[in-house]
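K.L.:
So that we are looking at the same thing, I have put the structure below in structure tokens.
The values are calculated or read from the model by the stated rules, or taken from the named source; none is laboratory data. Please read these numbers as outputs of a predicted model, since none were measured by experiment. Quick reminder, even Gly has a Cβ in these numbers, built from the backbone with ideal geometry, and neighbours come from all protein chains shown.
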Amino acid sequence: MKKIVLPLIAVISMSSFGFAASAAATEPTVTEESSEDKDEGLYLGLSYTRPSYDIDYLNGRTITEMDFNALSLQVGYKFNPYISVEGRYTMTFGDPGIEGLEPIDVDMTIWGIYVKPTYPLGPEFDIYALLGYAGTNTSGHFDIGGTSTPFSVDESSFSWGFGGRYILTEEFSVYADYLMYHDESSLLFDHVVDSINFGIAYQF
């Protein structure tokens, strides 16, 4: 029996040593994710937005100017640190500041789809452009001669903008940008819808 047990112990010991050496040799190495890899994927944002709706005569005299308070939801996908696609939806709240014609009630909604080229200026700050298509709906009631007259204006056109982002952590960043939604000139009028935006974004 001893002649059988001793060689068996030797075989088991050699097998255990070989398995341990093999496991050590094949143990996976953990590599840190690069900062560029972390700056990719889905992101969400929320911003305070200040839209402006202006209709002016070409000589500069204002027909009506409305400045709104609004909130904007931002959903985007970052393919790499240099290019993203992004959608935004904006809804106004409260009463706007109005110059010129006095509507008794007015609201605005804005949507936009953009390509977003980005240029990093450092590890924590980058600048970007927004190029795409946007639509606006402005609706409400004018008080004309004591009569409430409803109105609704839908417009869509090429939209552009630019801005900057400051990275707080791997997940959170703050941004500020300007967007032009609609800019149209006719023989008599100049019509502009634009906004400035200040927000925070979360990178998944």
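K.L.:
Any residue in region 147-158 that is modelled with pLDDT of 95 or more and surrounded by 12 or more Cβ atoms within 10 Å (Cβ to Cβ)?
P.N.:
yes
K.L.:
While we're on this one: Tell me the residue from PHE162, PHE172, PHE198, PHE204 that is loosely packed, with under 15 Cβ neighbours inside 10 Å, under 19 Å from THR92 (Cβ atoms) and under 15 Å from the mean Cα position of the chain (by Cα), please.
P.N.:
Result: PHE198 is the single residue among PHE162, PHE172, PHE198, PHE204 that is loosely packed, with under 15 Cβ neighbours inside 10 Å, under 19 Å from THR92 (Cβ atoms) and under 15 Å from the mean Cα position of the chain (by Cα).
K.L.:
Okay, next question. With the structure loaded, tell me whether GLY87 is part of a strand (DSSP E or B), on the phi > 0 side of the Ramachandran plot and under 25 Å from the mean Cα position of the chain (by Cα) or whether it fails that test.
P.N.:
No.
K.L.:
Here are some residues: LEU168, LEU188, LEU179. Which one is among the hydrophobic types (A, V, I, L, M, F, W, C) and out of contact with any Phe, Trp or Tyr (no Cβ under 9 Å at 6 or more places or on another chain)?
P.N.:
Within the list LEU168, LEU188, LEU179, the selection yields LEU168.
Matching residues to (1) closer than 12 Å to TYR89 by Cα; (2) in contact with a helix residue (DSSP H, G or I) (Cβ under 8 Å, 6 or more places away or on another chain); (3) at pLDDT below 70:
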| position | (1), (2), (3) |
| --- | --- |
| GLU36 | no, no, yes |
| TYR43 | no, no, no |
| THR49 | yes, no, no |
| TYR53 | no, no, no |
| PHE68 | no, no, no |
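K.L.:
Do we have any residue at all in region 184-192 that's among the aromatic types (Phe, Trp, Tyr) and in a loop (DSSP other than H, G, I, E, B)?
P.N.:
Within region 184-192 (the criterion being among the aromatic types (Phe, Trp, Tyr) and in a loop (DSSP other than H, G, I, E, B)), the answer is no, since none of the residues qualifies.
K.L.:
Here's a follow-up. TYR175: touching a residue at least 60 places away in the same chain (Cβ under 8 Å) and over 16 Å from MET66 (Cβ atoms), yes or no?
P.N.:
Considered against the rule, which asks whether it is touching a residue at least 60 places away in the same chain (Cβ under 8 Å) and over 16 Å from MET66 (Cβ atoms), TYR175 comes out as yes.
K.L.:
Report the residue count in region 178-204 for those that are over 22 Å from GLY76 (Cα atoms), of a type in the set (Ser, Thr, Tyr) and in contact (Cβ under 8 Å) with a residue 24 or more places away in the chain.
P.N.:
Selection size over region 178-204: 1.
K.L.:
State whether the residues of region 71-91 include one that is surrounded by 13 or more Cβ atoms within 10 Å (Cβ to Cβ), modelled with pLDDT under 90 and either in contact with a Ser or Thr (Cβ under 6 Å, 6 or more places away or on another chain) or closer than 21 Å to ILE200 by Cα (or both).
P.N.:
Scanning region 71-91 turns up no residue that is surrounded by 13 or more Cβ atoms within 10 Å (Cβ to Cβ), modelled with pLDDT under 90 and either in contact with a Ser or Thr (Cβ under 6 Å, 6 or more places away or on another chain) or closer than 21 Å to ILE200 by Cα (or both).
K.L.:
Among the numbered conditions (1) over 20 Å from SER47 (Cβ atoms); (2) touching a Gly at 6+ places or on another chain (Cβ under 9 Å), tell me where VAL153 comes up short.
P.N.:
In the conditions (1) over 20 Å from SER47 (Cβ atoms); (2) touching a Gly at 6+ places or on another chain (Cβ under 9 Å), VAL153 misses (2) alone.
K.L.:
Hey, among VAL174, VAL106, which residue is assigned to a strand (DSSP E or B), at negative phi and modelled with pLDDT of 95 or more?
P.N.:
Matching residue, one of VAL174, VAL106: VAL174.
K.L.:
Among the residues of region 135-171, how many are within 24 Å of GLN203 (Cβ to Cβ) and not in a strand (DSSP E or B)?
P.N.:
Of the residues in region 135-171, 4 are within 24 Å of GLN203 (Cβ to Cβ) and not in a strand (DSSP E or B).
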